[in-house]
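Since the structure comes first, as structure tokens, the remarks are kept for the end.
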């Protein structure tokens, strides 16, 4: 099922859609002799690509998703009397032995881990539950990566646990529920754009999570970097924004429609 989901997310890329349409269009034009249909498909797919390259079409939707939850206020956002379990949502792990350990995960993974460490530093009783994706990677290599992160940030190894087998947010929520101790408050450290789905998934698992969003890709409305005129310029970032919009919309729809 996870492989099928990845295939669907790959297929909704604007570039993949345009490439398929271009191949079909040129096939109609050159092979089948249906030149008018072929030219129409070729031209319309190029217009579709230009439209998808405009950030303005999906920018506000993607930005609104990132700011559903405010950054975590360490003084006001947590129960002052309770223990905390910070779940660090997983991203892919690259087992390439040539790379140093801290280069085997993405910047997204580092942003999530650093946000978790921020909470860890503020709460002496906090525990970290770190998920590292890529089910095919050797769990021992993932353990080595986490051990290096523990050493780099001078953390207590007894307060940091590892999830190696999760393939989805649903798996992470289930494993977090199994790891939860009595009286602990669950905090999710994840990318801001992923946070709404993560919160819903953890709530379905019977948890009452607190959001700790990080890895913001869009400037806050009204902030100094909020330059709206750039949203009207075609760019590769616009294509990426459209792809993100398609992926999050499909993932959210699946989350609503799938059987429990």
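Brief remarks on what is shown
- Qualifying positions in the stretch 46-104 - surrounded by fewer than 13 Cβ atoms within 10 Å (Cβ to Cβ) and in contact with a strand residue (DSSP E or B) (Cβ under 7 Å, 6 or more places away or on another chain): 79, 82
- Residue check, residue 59 over 16 Å from residue 191 (Cβ atoms) and touching a residue at least 40 places away in the same chain (Cβ under 8 Å): yes
- When residues in the stretch 108-130 are screened for being free of Cβ contacts under 8 Å to residues at least 12 places away in the same chain and closer than 22 Å to residue 93 by Cα, 1 of them pass.
- Residue match in the stretch 131-147 (condition: under 13 Å from residue 86 (Cβ atoms) and modelled with pLDDT of 95 or more): yes
- Of the helices (runs of 4 or more DSSP H) lying entirely inside the stretch 1-116, those containing at least 2 residues that are out of contact with any helix residue (DSSP H, G or I) (no Cβ under 8 Å at 6 or more places or on another chain) and under 26 Å from residue 223 (Cα atoms) are 59-66.
The values are calculated or read from the model by the stated rules, or taken from the named source; none is laboratory data. Being a predicted model, the structure only gives us computed values, none of them experimental. Glycine gets a Cβ as well: all are built from the backbone with ideal geometry, and neighbour counts include every protein chain shown.
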